[in-house]
Amino acid sequence: MAKKLIVIGAGMASGRMLEHLIDANPDAYDITLFNAEPRGNYNRLMLSPVLSGEKTYEEIVTHDAAWYEERGVTCRFGEKVVAIDTEKKVVTGEKGALPYDKLVIATGSNPFIIPLPGHDLQGVIPYRDLEDTEAMMALGAGKRAVVIGGGLLGLEAAAGMAARGTEVDVVHIMGHLMERQLDEAAGYLLRRSLTEKGIRVHCKANSKQILSDANGHVRALQLDDGTELPCDLLVMAVGIRPSTALGKEAGLEVNRGIVVDDHMVTSNPDVLALGECVEHAGAIFGLVAPLYDQAKVLAKTLLGEEARFVQKEVATKLKVTGCDLFSAGDFAEGEGREDIVFRDPARGVYKRLILEGNRLIGAVMYGDTADGAWFHGLIKDATEVEEMRETLIFGPAYQGGAAADPMAAVAALPRDAEICGCNGVCKGQIEDAINAGAGDLGAVRATTKASASCGTCTGLVEQILGATLGDDFVIPAAQSVCGCTDLSHEDVRRLIKSQELKSQEAVWQELGWTTRNGCHVCRPAVNFYLLADWPLDYVDDPQSRFVNERNHANIQKDGTYSVMPRMWGGMTTPQELMAIAQAAEKYAATEKVTGGQRIDLLGVKKEDLPAIWHDLNEAGMVSGHAYTKGLRTVKTCVGSEWCRFGTQDSTGLGIALERRLWGSWTPHKVKLGVSGCPRNCAEATCKDVGIVCVDSGFQIGVAGAAGMDVKETERLVDVPTEQEAIEWTVAFVQLYREHAKYLDRPYKWVAKVGLDWVKETLADAAERQALVERFDLSQSVYQKDPWAERAKPEVARRFHPLADLTLEAAE
Amino acid sequence: MSWIDIGHIDDIPLRGARLVKTPVGCVAIFRTAEAEVFAASNACPHKAGPLSEGIVHGQKVTCPLHNWVFDLNTGEAQGADEGRIATYPVRLDGDRILLDGHAVGKRSAA
């Protein structure tokens, strides 16, 4: 029969420990889990992104009750443990007693509240759990908050509230922010960044008392010098204390924390403990990485395997968007220590390495932390750095003279370099996992746990994927855009809107891009996001576009181009056909009828493009945009005009839609179809937007696909009039333009946000109207024929070589 | 070296490229920053994609056909791809772009 295990406290440490234990041997123990909070375990590290709105609570849940129950764990959530009897080996909860063979205490820590006068007023909270986070989120714009404590947690709280429009003052007793992790110079840069975000920082500030209003609610914080900082909420983020009461009552040895040995066993051989409640070799623990190490060790101890917990050097990163800092090791000045410092004031970059003898013992970086993992590795391994000392500060990419390339930086890391600090995963484990078939970030997370906690190493993990898999690795959705940033497409879109970033430079600088001006992956996406969100402020950048969109024609495998004039709704005239025929002859083009009811002219030389466009313009035709992430074609059938089954004028509706939508840029291409009856000759039911006419009106379907995936459209709405059909279609396209990830077709986007959300949003007549207005505003800028502009001689010459040195040579 | 004036810096869009026809074939002139140019073979060693049509980022260019990335300093393909494009001496004299005629196979005019 399985032995009985009781675990007190469902937190990150105990959750991870149970994962290890159950993975290794699901039948070893009969497990009961007590938790005073009425819920399972969420990733506390990620409360700050929840606060700033970059994540939701649902996204940070790691183990809910269902997770535990699926694994046979009996959950007693919402029930406090009142006593432990280590003699009889019984734990007593509020609802009854239970015997154990082994007991694990994981009661975590309590936030430290400074006993200032007024600390018990309403509106004075610590920053510890979801309730605290929610209190801060609820504050919102126009309110004021004071944060006491300029450490990691305090600053994340301050930045999160500021991002929500709250006015924030940070009060810090020391001379500079995060003094345990940063030196003064980096502290200064951090302070400057925060000040730019509108946060007021008061250093060397002593709090005297918290002042109350008439209702017993906090009104202001008063400092030693008499200054009053008015506030609606006061957050104390000054540290944590191990929660040891239960351990103490049970008669275990307790100092600052519950004392454990290297095997995570307390002074009682059948009671183990881990997490923020323990003390090991005189140290207590607040960061997650050592807790996860403890979880591994404790699980092994329970299984009778040998494992020892060893304290390691821990690196720090701040999860505040736009404040990129890194610190590791010891950076105090001292006898026999030398500094290497690099500063770039223009970029707000500061790097300092601290050497003792031939070894790196500390690193502090601000503004550019791409090489943090490499430095951290050098510190931990006590590598001799004498030979690379001159170029050390420029990072691994410069060792051996190669260029600065993020891939090279990762490729240069040794196999035992730690990539994921939270979970203690090194590069070699990740490479092995990739070589064993983990082909994307999700699979690497699942098999190694790398980047599965705080996520700041996501970019690194992806670079390892890229370096290991080469071209086979395409960064998928909801992961970082590319190696230039750790942010996902969704993050970038949200931040462009919320921070009102209106230029590429603003995006690179404010979102901490690691490259000078992005790469071929991120720049087209950022260019689209900017022009979609700020049509009047941002100017489209052709150099951030793929060749086809820059040259307004499709490049073919031999370097020639194809040219396709627009035929509205697939209708044409003898004059247009004659002009196309003449152009085909004149420029020796191959003609092909396309699936979208157009005629394609293939094999046109680049130099000839302006001329053929000019000729087609003359005949009244404009670009068919067969090359864009934008509106492609509206395919129609002949409808009630000709067809004996036609119920509505599908051709007319198709033409009207095409005339409204053409020229608009979208996250990916958009194809429409309008069929005049349910026989569906225009194949509307596999289009991005497909309208099927019926006797009573128009059935609008969206999110179809007929490419890599084949998928029938889903019904968005049925409307009685043509005008409403156009309004719904335009609003849908605009919603897609404003929200989708670059290179997601509508069907992929709808799958992510849910058709219900799309329906709900568009069902609101005012919202629908607003979307249509925003679309029309954008069209006022972008609906113009790119061919006509480029057929002008002064622009056309750019399609010719800059110089021809072969002519002179022949003379 | 025999420097040949091939045009004005503003003839090339910032983070863009233009072609120069030479005796050794088409050479792409890349403008990577306000006053920073590189010259390299226009043909990608993979499938001869026209590199002058690629997206220019940092001091690199991405081939428009299959996304091979080349460092314009060395001509080396980046990442897992193996290959190299020829690079040629080019410099700026004020606003003028000067390409080394010898390197692109032109005999000295003298």
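Hey, among A:ILE434, A:ILE430, which residue is more than 12 Å from chain B (Cβ to nearest Cβ), touching a strand residue (DSSP E or B) at 6+ places or on another chain (Cβ under 7 Å), at pLDDT 80 or above and crowded, with 21+ Cβ neighbours inside 10 Å?
Step by step, each of A:ILE434, A:ILE430 is checked, and only A:ILE430 is more than 12 Å from chain B (Cβ to nearest Cβ), touching a strand residue (DSSP E or B) at 6+ places or on another chain (Cβ under 7 Å), at pLDDT 80 or above and crowded, with 21+ Cβ neighbours inside 10 Å.
Results for (1) small (Gly, Ala, Ser); (2) surrounded by fewer than 16 Cβ atoms within 10 Å (Cβ to Cβ); (3) within 14 Å of chain B (Cβ to nearest Cβ), shown as yes or no for each residue.
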position	(1), (2), (3)
A:ARG737	no, no, no
A:LEU762	no, no, no
A:ALA766	yes, yes, no
A:VAL772	no, no, no
A:LEU777	no, yes, no
A:LYS784	no, yes, no
A:GLU789	no, yes, no
A:ARG797	no, yes, yes
A:ALA803	yes, no, yes
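Taking the range A:696-713 as the region of interest, how many residues are in contact with a strand residue (DSSP E or B) (Cβ under 7 Å, 6 or more places away or on another chain) and either open to solvent by 70 Å² or more (accessible area, probe 1.4 Å) or among the β-branched types (Val, Ile, Thr) (or both)?
Result for the range A:696-713: 3.
Limited to the range A:1-31, what total is found for residues that are touching a Phe, Trp or Tyr at 6+ places or on another chain (Cβ under 8 Å) and either within 15 Å of A:LEU103 (Cβ to Cβ) or of a type in the set (Gly, Ala, Ser) (or both)?
12
List pairs: first residue in the range A:123-135 and over 15 Å from A:VAL61 (Cβ atoms), second residue of a type in the set (Lys, Arg) and surrounded by 15 or more Cβ atoms within 10 Å (Cβ to Cβ) anywhere in the structure, Cβ distance under 9 angstrom, at least six positions apart or on different chains.
A:GLY123/A:ARG219; A:ARG128/A:ARG44
Residues checked against (1) open to solvent by less than 30 Å² (accessible area, probe 1.4 Å); (2) at negative phi; (3) more than 7 Å from every other protein chain (Cβ to nearest Cβ):
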site	(1), (2), (3)
B:VAL27	yes, yes, yes
B:PHE30	yes, yes, yes
B:GLU53	yes, yes, no
B:GLY58	yes, no, no
B:ASP71	yes, yes, no
B:ARG84	no, yes, yes
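Report, by residue number, each residue of the range B:32-51 that is small (Gly, Ala, Ser) and within 10 Å of another protein chain (Cβ to nearest Cβ).
Selection gives B:ALA33, B:ALA43, B:ALA48, B:GLY49.
Looking at the structure I just gave you, is B:ALA35 more than 19 Å from A:GLY518 (Cβ to Cβ) and open to solvent by 10 Å² or more (accessible area, probe 1.4 Å)?
yes
Restricting to the range B:86-110, count the residues that are touching a helix residue (DSSP H, G or I) at 6+ places or on another chain (Cβ under 9 Å), in a loop (DSSP other than H, G, I, E, B), in contact (Cβ under 8 Å) with a residue 60 or more places away in the chain and away from chain A (no Cβ under 11 Å).
Final tally of qualifying residues: 1.
Starting from residues that are of a type in the set (Asp, Glu) and at pLDDT below 95, keep the ones in the range A:686-711 and report whichever is farthest from A:TRP534 (Cα to Cα).
Residue satisfying both the conditions and the ranking: A:ASP695.
Collect the residues in the range B:1-16 that are at the interface with chain A (Cβ under 9 Å from one of its Cβ atoms) and of a type in the set (A, V, I, L, M), keeping them in residue-number order.
Of everything in the range B:1-16, those that are at the interface with chain A (Cβ under 9 Å from one of its Cβ atoms) and of a type in the set (A, V, I, L, M) turn out to be B:ILE4, B:ILE6, B:ILE12, B:LEU14.
Could you check the range B:73-82 and list, in sequence order, the residues that are touching a residue at least 12 places away in the same chain (Cβ under 8 Å) and either farther than 21 Å from B:GLY101 by Cβ or at the interface with chain A (Cβ under 7 Å from one of its Cβ atoms) (or both)?
B:ASN73, B:THR74, B:ALA77, B:GLN78, B:ASP81
Could you count how many residues in the range A:179-201 are in a loop (DSSP other than H, G, I, E, B) and in contact with a His (Cβ under 9 Å, 6 or more places away or on another chain)?
3
Are there helices (runs of 4 or more DSSP H) fully within the range A:532-641 with at least 3 residues that are within 35 Å of the chain's Cα centre (by Cα) and closer than 30 Å to A:ALA706 by Cα? List them.
Result: A:547-551.
Go through the range A:603-662 and report how many residues are under 30 Å from A:SER696 (Cβ atoms), among the basic types (Lys, Arg) and touching a residue at least 12 places away in the same chain (Cβ under 8 Å).
Final tally of qualifying residues: 4.
Being among the polar types (S, T, N, Q), within 14 Å of chain B (Cβ to nearest Cβ) and buried (at least 23 other Cβ atoms within 10 Å of the Cβ) narrows it down to one of A:SER544, A:SER503, so name that one.
After ruling out the rest, the residue left standing is A:SER544.
Only one of (1) assigned to a strand (DSSP E or B); (2) under 18 Å from A:GLY470 (Cα atoms); (3) within 9 Å of chain A (Cβ to nearest Cβ) is not met by B:VAL20, so which one is it?
With (1) assigned to a strand (DSSP E or B); (2) under 18 Å from A:GLY470 (Cα atoms); (3) within 9 Å of chain A (Cβ to nearest Cβ) applied to B:VAL20, the lone miss is (2).
Among the acidic types (Asp, Glu), in contact with a helix residue (DSSP H, G or I) (Cβ under 7 Å, 6 or more places away or on another chain) and modelled with pLDDT of 85 or more: does that describe A:GLU462?
no
Can you pull out every residue in the range A:1-22 that is within 16 Å of A:ASP293 (Cβ to Cβ) and part of a helix (DSSP H, G or I)?
Across the range A:1-22, the qualifying residues are A:MET12, A:ALA13, A:SER14, A:GLY15, A:ARG16, A:MET17, A:LEU18, A:GLU19, A:HIS20, A:LEU21.
Before we move on, is A:GLY160 modelled with pLDDT of 85 or more, more than 25 Å from A:LYS351 (Cβ to Cβ) and part of a loop (DSSP other than H, G, I, E, B)?
So A:GLY160 fails the test.
Which residues, counting only those in the range A:26-57, are open to solvent by 40 Å² or more (accessible area, probe 1.4 Å), over 29 Å from A:LEU495 (Cβ atoms) and not charged (D, E, K, R)?
Across the range A:26-57, the qualifying residues are A:PRO26, A:ALA36, A:PRO38.
Any idea which of A:ALA363, A:ALA332, A:ALA370 is within 30 Å of A:LEU153 (Cβ to Cβ), modelled with pLDDT of 85 or more and out of contact with any Asp or Glu (no Cβ under 7 Å at 6 or more places or on another chain)?
The match here is A:ALA363.
Based on this model, can you work out whether B:ILE4 counts as in a strand (DSSP E or B), touching a Gly at 6+ places or on another chain (Cβ under 9 Å) and open to solvent by less than 10 Å² (accessible area, probe 1.4 Å)?
no
Filter the range A:58-88 down to the residues that are part of a helix (DSSP H, G or I) and more than 27 Å from A:ASN25 (Cα to Cα), then identify the one that is least open to solvent (accessible area, probe 1.4 Å).
A:GLU59
The values are calculated or read from the model by the stated rules, or taken from the named source; none is laboratory data. Because the structure is predicted, anything quoted here is derived from the model rather than measured. With ideal geometry, Cβ positions are generated from the backbone for all residues, glycine too; neighbour counts draw on all protein chains shown. Side chains are part of the model used for accessible areas, which takes the heavy atoms of the whole protein and leaves out ligands, DNA and RNA. Shrake-Rupley method; radii C 1.70, N 1.55, O 1.52, S 1.80 Å.
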